[in-house]
Structures are given as structure tokens and as C-alpha cells.
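The values are calculated or read from the model by the stated rules, or taken from the named source; none is laboratory data. Quick caveat, the model's predicted, so the values are computed rather than measured. Methodologically, a virtual Cβ is constructed for each residue, glycine included, from the backbone with ideal geometry; neighbour enumeration extends over all protein chains shown.
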Amino acid sequence: MSETPLGGPALPQERKVVTAIPGPKSQEMLARKNAAVAAGVGVALPVSIVAAGGGVMVDVDGNSFIDLGSGIAVTGVGNAAPKVVEAVTNQVQQFTHTCFTVTPYDGYVKVAEKLNELTPGDFEKRSALFNSGAEALENAVKIARHYTKRNAIVVFDHAYHGRTNLTMGMTAKNMPYKDGFGPFAPEVYRVPTSYPFRDGLTGAEAAEVAITQIEKQVGAANLAAVIIEPIQGEGGFIAPAEGFLPAIQKWATENKVVFVLDEVQTGFARTGDLFAANHEGVVPDLVTTAKGIAGGLPLSAVTGRAEIMDSAHAGGLGGTYAGSPISCAAALATIETYETENLTQRAREIGAIIEEFFTELQKTDSRIGDIRGRGAMQAIELVETGSKTPAAALTGAVAKQAGDQGVILLTCGTYGNVIRFLPPLSISDELLRDGLQVVADALAAN
């Protein structure tokens, strides 16, 4: 099989299983992991990866896996995109660190300029860089509170925003993210979202429910920010009904509440637009980004209206590694790759293949309750036959069998019954279809 243009390492683009999963060498690594790494750090597929690129990952035993997870939507340009490798190599040879808040450097400023240019909204913007999605969300809340002089924030059912104390409080799902880790930060309020498969509401109707609850239980005058994922990630790849996001944004603007879009998982071509907000022309006051921003290196950002971003005092934002020069070099090369390789179009092509495949399969398997998503961010929600009862055990069994057959597959959802598809945008059609067929075979066998 041929490699894709973004293939990185010279790896055959094929699925190949030569041992039981995990193989003997992976088992040796896992034994070391269990002896050295905290038990709370779990793994989805117990294999030891030694190389990756294009649409495959190769383990220490020589098994080649089709990657349908992209490290949870991180490696959109592939695991070793040539421009990213070159940019990182060049930067490492110059310097690895200075701390931007001690002695600044050009790469950080260039990333901020690019984010200000590309993110939704035709107004003056500022950006601040951080390390992870959760850190970006924490800082978005800090900025919104400082700007509005209010304390309360609103988040939504099924939301996922991170694993820090504040973002755990903002996250809906208890297990494994919150259980036993409280108490959590105060002044976080949760309201219903739009979940078309389960609530049956239009976007306007769902927004009215949410807004009524905000007004009655929180009060607009107390509210600093409304924070929402344009398509929910860990919560189940829930795309809200058309009109929901614009209605929430309109209410926030009218009530001088900062409207924050969490585009950590949806950002950077993943949904077939550079940002998911563009689908309905939603313009956030602040937007958080991470994951796909830097080709696998740790980087995140808060970008937004200049008057809001500039409200925090000097020294109020930052961090030792925030906006690492190596990550900034990777980000500039990654963004260039999205643009020059037209990866937004590639995401739409991938999404069409996934949607068509499962729409056809759904005709003969009613356990596929819903097929949803946008671009290369797609999911199927599995249910018990003839109902909408979540089929969590089936979902886990399908993911396990897929892994045994050489396909890296991620699950999600509040009810544990959603299979999500996040292939790297460097994957070939042939490899993608092979991976989807493995999933179909696993469904048939269970």
C-alpha cells in the first residue's frame, strides 16, 4: 500500500496483526508500566507504540494498527508530518526554552497573530498561550471573571472540559473523571444542552429550556461566562440542533455575559471547517483551542476580543512552559499544513465516507441508534435493539474486538455507548474503509 502525502515515517499504510494483542514485547512494557506508573493512568489499548505516520501506528511486536483516534483528535496532520518535524528540529537547535514571560520570542507572537487572524470574528483580538486544553479553559474563566467582575459560570449537560479542579467541576461525567476527587470549585452551574437523538427538541426549543434555567437558577446579573463545546467531545460527539448555539450566543451578548466556545477537540479542520463555530456563523467572545493545534506537541490558547483579553493585569496570565518555543514552531508548521494541504476539505471527505458506511449498515442493524458528527469527527451511538437504551457492554466489546484485529478505536459518551471516529486527516480512503469494516465485523460478532 502506498503512503499518504503527510505520511511522515516510511511506514507501509496497512493493517497487520502478527501476534495476539498485546504481543509479548508489549506485555513486558505493560509489566514495567504497572510497576512504575500510577494505577490511575489507564490505557485504552495495551500496546507499546514505536512508530506512527499516515494512518497507522506500529507496536514493538510489529503489529500495524489503523489509527481511528489521532491521540484523541491531536494528530490531524499525522503523527510525524514533515513540516512539523523540520520546524521542531530547527527550533531545538536554536533553543528549547526561555519562558516567554521572562524573555519573549518571535514564535509565540507569530502563533498569537495567526490565531487572531483565523479564529471566528472580524474584530481586534488578543491571544494567550498555555499547555493543555484544561489550562486554556481555566484561563478563559479567569479572564471572563476579571472582565465582568462576576463569579458564576454556566456549563452544559454531557460537557467535558478537563481534569483540573475547576474543569472537573465543569465536566459532567462522574466516572472516571470526578469520582472521589472533590470538592470542586464553586459557582459552576449546569444546564440542559441540545441532544437531538434523546430530547427531540429543535435548537430554539432546547435553547429556551437552557436559558430559562439560567435565568431562574443563576441570574444573568451574576453570570461571568457561558462555556460550551460546539460539538461535545467526551460527552458523546453530540452536535446540537441547528439554531441552538446562535440562540445561546444571542442571549449571552444581550446580557453582557462572555460567550466562550471550547474548540479544544473540534478546532483545526477536524469538523470540515477550520473551527466548528463557522458551521452556523457563531462568533464567540473567547475561544479555547488545543489538541490539533501543534501536530502532537503540547500547546493551547485562549483567543478573543481585545477588550476582554486585555482586561487581566500584567502577570495575571502565563506559566513556566506556556507557549513553549518548540510547541510554537510545531503549531506554525501544523497550521501551514492544514492550509496548504486543504485538510478542511479532506475532513469533509472522511466524514462522508464514515457517514455513508454506517448509514448503510444501520439498515440491517438497529442497534446503531444514531449516526452523528461533522467532518472527520463522527460517532455512532449504540443502543439495545428496538429501544434507545444505551448499550455500553456492546460498545466496549466492539472496541475490544477492533483492537484485537488491528484498529485503534475510542469510545465516549455519558452512558458509555458511543464509538467515536477521529482518524488523522492523513489517512487514505483505503485504510479508512478497512478500519470501518473491522468495526462492522465486530458489531456483527457481538
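Quick look at the values:
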quantity: Boolean, Leu201 is surrounded by 18 or more Cβ atoms within 10 Å (Cβ to Cβ) and part of a helix (DSSP H, G or I); calculated: no
quantity: Residue in the range 225-237 that is part of a helix (DSSP H, G or I) and under 26 Å from Met309 (Cα atoms) present; calculated: no
quantity: Ala80 being in contact with a strand residue (DSSP E or B) (Cβ under 8 Å, 6 or more places away or on another chain), under 30 Å from Gly233 (Cα atoms), in a loop (DSSP other than H, G, I, E, B) and in contact (Cβ under 8 Å) with a residue 12 or more places away in the chain; calculated: yes
quantity: Residue that is farthest from the chain's Cα centre (by Cα) [pool: residues in the range 425-434 that are farther than 29 Å from Val383 by Cβ and outside any helix (DSSP H, G or I)]; calculated: Ser428
quantity: Residue within the range 125-148 that is over 17 Å from the mean Cα position of the chain (by Cα), surrounded by fewer than 23 Cβ atoms within 10 Å (Cβ to Cβ) and part of a loop (DSSP other than H, G, I, E, B) present; calculated: no
quantity: Qualifying residue in the range 177-191 (condition: in the same structural domain as Phe156 (by TED's automatic domain parsing), in a loop (DSSP other than H, G, I, E, B), surrounded by 19 or more Cβ atoms within 10 Å (Cβ to Cβ) and under 24 Å from the mean Cα position of the chain (by Cα)); calculated: no
quantity: Any hit, the range 375-397, residues being among the acidic types (Asp, Glu) and within 23 Å of Val18 (Cα to Cα); calculated: no
quantity: Count of the range 413-430 residues which are of a type outside the set (S, T, N, Q) and surrounded by fewer than 23 Cβ atoms within 10 Å (Cβ to Cβ); calculated: 4
quantity: Residue match in the range 390-407 (condition: within 16 Å of the chain's Cα centre (by Cα) and over 17 Å from His158 (Cβ atoms)); calculated: no
quantity: Close pairs (9 angstrom Cβ cut-off, 6 or more residues apart or separate chains): on the phi > 0 side of the Ramachandran plot in the range 274-286, assigned to a helix (DSSP H, G or I) anywhere; calculated: Gly281/Pro246
quantity: Flag for Thr164 being out of contact with any Phe, Trp or Tyr (no Cβ under 8 Å at 6 or more places or on another chain), assigned by TED's automatic domain parsing to the domain that holds Thr253 and among the hydroxyl-bearing types (Ser, Thr, Tyr); calculated: yes
quantity: Pair list, Cβ < 9 Å and 6+ apart or interchain, from the range 384-412 residues that are more than 24 Å from Asp59 (Cβ to Cβ) to residues that are of a type in the set (Ser, Thr, Tyr) and assigned to a strand (DSSP E or B); calculated: Ala392/Thr411
quantity: Counted residues, the range 264-313 - those being of a type in the set (Asp, Glu) and either crowded, with 24+ Cβ neighbours inside 10 Å or outside any loop (DSSP other than H, G, I, E, B) (or both); calculated: 2
quantity: Those residues of the range 368-389 which are surrounded by 21 or more Cβ atoms within 10 Å (Cβ to Cβ) and in a loop (DSSP other than H, G, I, E, B), in sequence order; calculated: Gly375, Ala376
